[in-house]
Amino acid sequence: MTSSLLFNITTFAYLVSMLCFFAFVASRAKVLGTAGSAIAFGGLLLQTIAIGLRWKESYSLGIGHAPLSNLYESVVFFSWTIVLIYGLLDLKYRYRVIGAFVMPFALLGMAWAQLGLDSGIQPLVPALQSNWLLYHVITCFLGYAAFAVACGISIMYLIREIHERSTPANDQSIVATFPSGRVLDDLNYKSIMIGFPLLTLGIVTGAAWANYAWGTYWSWDPKETWSLIVWFIYAAFLHARITRGWAGRRAAWLSIVGFAATIFCYLGVNLLLSGLHSYGG
Amino acid sequence: MTINEQSGFQSLWDYFCSLKLTMFLLITLAIISIIGTVVPQGALPPEYLQTISQNKLKLYQALGFFDMYHSWWFILLLSLLSINLIACSIKRLPLIWKTITQPVVVMGAGHEKTLSNLTTIETRGDASTLRDRVAAILKAEFADPLITETDGAFHLFAQKTPWSRLAVYAVHLSVLVIFIGAIIGSLFGYKGFINIPEGESVGKVMSRSKNEIDLGFAVRCEKFSVAHYPNGAPKEFKSILTVLENGQPVQGYNRVPVIVNDPLTYKGITFYQSSYGKFGEHEFTISDPNGRNPQSLIIQSNGSAKLPDGSGICLQETTPDISRFMPGLSGPAAQVEVHLANGENKEFIVFANNPAMNRMNLPYTGGKLLQYRGGEEFMYTGLQVAKDPGVWVVWVGCLLMVVGIYAAFFMSHRRIWVRVENGTVTVGGNASKNQGGFQIFMERLVTKLKDQLSSEDNK
Ligand code: HEM
């Protein structure tokens with residue numbers, strides 16, 4: 001069994017899980033929602049094993065390092081964290097339908113990694129040979145994943161709102177399976193409450209690493225600046241809740257904009273701008 | 001002070017206390033920070049200067065776009081953020097402080113209405129017995145209650161983690177602490193760069209602001225080396241450094257290996273492996289094709305020179321023994337690139353012991369014979385040098401921020417009030433965070449109270 005085969009099966013599992021959730025929204029048959037989340041959990045387990053295997057494989061190649069060192073590995077890890085955070089939310093709150101808006105992100109990541117990115121295991125360049133890499137990448141990506149979940153929930157909120165304005169509520173509408181607007185707003189906040197401390201830790205560990213390796217904790221490199229931009233947006237989100245008039249729809253938009261900035265910080269900076277992080281980690 | 005001045009001051013104060021300003025500042029900072037990720041910062045690369053017009057260049061310069069994170073308007077925004085933060089804290093902290101230190105210990109009628117978790121339990125028994133039972137249950141399930149007696153009723157008040165209300169202020173303070181650390185670093189620290197050839201020592205650093213700084217000691221580079229992975233990718237850049245005081249090696253700082261991600265710190269100054277290069281002189285001769293009229297030409301490592309016909313020549317790489325790369329040949333060799341008059345560039349190898357092969361390059365060297373004589377070469381190591389006395393303040397700020405955010409989000413100030421009268425027990429409570437979780441807790445507590453109060457009833 002190779003990690004690469006397992007990653008392929010994981011991708012397939014996420015696809016099936018997503019389709020189950022879509023069918024659940026369309027048909028409102030509870031069993032489909034249960035199947036969707038069960039398959040997502042199965043995929044998560046497989047992916048965990050696959051990541052462990054890949055780690056082991058790198059050691060058999062004599063260049064052992066955690067599988068977090070290039071774009072392929074980070075995209076795979078990002079998918080893993082998204083499903084993990086979704087899974088935790090599912091265990092705690094049991095709003096299955098959220099999977100329909102979160103699993104697409106995980107699937108997109110896995111599909112892109114498996115089909116479009118170079119999956120070879122490469123040796124670590126000197127700049128990345130540090131334990132800080134592990135702390136920094138793990139905290140950042142867990143934070144990003146929580147923002148992905150928040151973004152999915154915000155999209156649900158907006159769909160629900162638009163739908164309710166145009167058609168009177170009834171049991172047959174596609175939003176019938178959605179939690180109420182108030183609950184969605186609260187879940188959005190809860191996800192960001194998970195993501196914001198993690199992003200903060202990610203920025204702090206990044207700064208600590210930069211200081212340790214280069215002697216500057218902050219050099220306004222584009223990646224650093226973009227992570228700060230993301231941080232400002234979610235800080236604004238948190239304060240939005242204290243200010244009247246910014247809850248609900250505006251908060252949902254802020255969360256979506258925040259996630260768009262997150263994705264730019266993660267991919268856009270590497271692909272479009274230049275800087276210290278352009279090797280894709 | 002006149003009324004007008006006072007209200008002017010008041011409205012300015014309200015402005016700085018407002019969360020609208022906070023939202024504006026956070027979003028504005030997010031948006032304008034983008035500029036510096038698109039426009040290059042610091043030393044401008046020549047390729048960039050070619051792509052933009054003079055007018056644009058002047059405009060950007062005037063606006064400070066090339067060093068925007070130190071521009072007056074960016075600093076102004078950060079200052080406004082700090083003032084906003086301080087003002088908001090001054091306004092709210094006293095109230096929060098009062099909530100913590102002088103809790104409302106009696107649930108009055110008005111207060112009762114504001115509580116979302118409120119239950120009345122009807123039971124038998126006189127107030128003082130009920131009081132003791134409820135107090136015991138509260139102590140076991142939640143926290144030791146404070147008991148007050150008014151108008152024949154007993155009031156029990158219990159709370160958990162009241163100080164978690166301060167967490168938000170710790171987070172806000174941490175932002176200021178980090179700013180202070182950054183200011184200390186920029187006032188009393190510096191960043192610089194040194195190149196040290198193998199075997200030599202350097203005692204002065206060129207800072208980024210182009211000042212020469214005396215280290216007060218010297219650093220010698222004993223050796224620099226690069227290791228490679230089997231596939232040719234670089235694996236490790238290593239300098240062996242020795243710190244010298246008055247020319248003598250310092251104990252514990254003799255021949256210290258410094259690699260990327262593992263710097264050397266001495267007297268608060270840290271040296272980071274950053275780059276490397278070669279340093280040396282190479283001799284060439286230029287003569288007629290048959291070897292007559294030789295003239296010497298000296299080129300520095302990675303340097304360039306002019307050939308007699310005016311074309312430029314760059315020295316790219318040299319080796320004292322070519323046989324490692326081209327078996328069958330021997331002796332020193334140099335790889336050069338010539339910029340021909342027609343604009344073409346031509347790359348070739350010049351040998352020391354092989355005039356026949358050198359003659360093949362005659363078309364590119366203006367009909368003259370170019371030969372390599374050899375040279376001496378040293379590696380040099382490029383070290384980033386930094387001194388930042390504010391960095392500890394920054395880490396303290398970061399720690400405060402992380403702990404503060406955790407406490408602000410995941411710790412909740414929970415309060416429970418109980419009013420015990422003859423035959424009735426009224427329970428109410430609230431929480432500053434996680435109301436859902438608190439509600440479940442309250443439901444369980446009320447069930448337990450009902451059970452225990454009635455079961456003891458029947459004894
Ligand atoms: C312009 C400066 C700022 C002002 C005036 C401000 C003001 C406030 C106020 C009034 C609160 C509510 C406190 C309460 O509930 O009693 C708050 C909450 C908070 N602030 Fe700020 N803040 C500022 C900047 C920041 C920044 C830069 C951060 C970055 C981490 C931050 C993090 C937080 C957090 C985590 C909360 C708690 C939010 C929650 O509980 O949902 N604040 N802020």
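Within the stretch B:26-36, one or more residues are in a helix (DSSP H, G or I), within 24 Å of B:SER209 (Cα to Cα) and more than 16 Å from the ligand (Cβ to nearest atom).
The set of residues from the stretch B:313-342 being within 44 Å of the chain's Cα centre (by Cα) and of a type in the set (Gly, Ala, Ser) comprises just one member, B:ALA334. Of the residues examined, B:LEU93 is one that is under 31 Å from the mean Cα position of the chain (by Cα) and away from chain A (no Cβ under 14 Å).
Quickly run through the stretch B:202-234 and pick out the residues that are farther than 30 Å from B:GLN41 by Cα and within 14 Å of chain A (Cβ to nearest Cβ). Scanning the stretch B:202-234 gives B:PHE224, B:SER225, B:VAL226, B:ALA227, B:HIS228, B:TYR229, B:PRO230, B:ASN231, B:GLY232. Of the residues B:ALA408, B:ALA386, the single one that is within 49 Å of the chain's Cα centre (by Cα) and either away from the ligand (no atom under 16 Å from the Cβ) or closer than 30 Å to B:TYR190 by Cβ (or both) is B:ALA386. Cβ separations smaller than 6 Å between residues 6+ apart or across chains give the following pairs from the stretch A:234-261 residues that are within 9 Å of chain B (Cβ to nearest Cβ) and within 12 Å of the ligand (Cβ to nearest atom) to residues that are in a loop (DSSP other than H, G, I, E, B) and at pLDDT below 90: A:ALA240/A:TRP246. Of the residues A:TYR59, A:TYR86, A:TYR72, the single one that is farther than 25 Å from A:PRO179 by Cβ and touching a residue at least 40 places away in the same chain (Cβ under 8 Å) is A:TYR72. The single residue among B:TYR69, B:TYR48 that is among the aromatic types (Phe, Trp, Tyr), on the phi < 0 side of the Ramachandran plot and loosely packed, with under 15 Cβ neighbours inside 10 Å turns out to be B:TYR48. Do we have B:LEU176 as more than 16 Å from the ligand (Cβ to nearest atom), under 29 Å from the mean Cα position of the chain (by Cα) and not assigned by TED's automatic domain parsing to the domain that holds B:ALA431 here? Spelling it out, it is not the case that B:LEU176 is more than 16 Å from the ligand (Cβ to nearest atom), under 29 Å from the mean Cα position of the chain (by Cα) and not assigned by TED's automatic domain parsing to the domain that holds B:ALA431. Exactly one residue out of A:ALA150, A:ALA176 is in contact (Cβ under 8 Å) with a residue 40 or more places away in the chain, assigned to a helix (DSSP H, G or I) and either closer than 30 Å to B:ALA182 by Cβ or within 16 Å of the ligand (Cβ to nearest atom) (or both), and it is A:ALA150. Filtering the stretch B:235-272 to residues that are within 8 Å of another protein chain (Cβ to nearest Cβ) and closer than 24 Å to B:ASP214 by Cβ leaves B:PRO263, B:THR270, B:TYR272. Inside the stretch B:392-402, residues that are more than 10 Å from chain A (Cβ to nearest Cβ) and out of contact with any Gly (no Cβ under 8 Å at 6 or more places or on another chain) make up a count of 1.
The values are calculated or read from the model by the stated rules, or taken from the named source; none is laboratory data. Worth saying up front: this structure is predicted, and the values here are computed from it rather than measured. Counting neighbours? That spans all protein chains shown, and the Cβs are built from the backbone with ideal geometry, glycine included.
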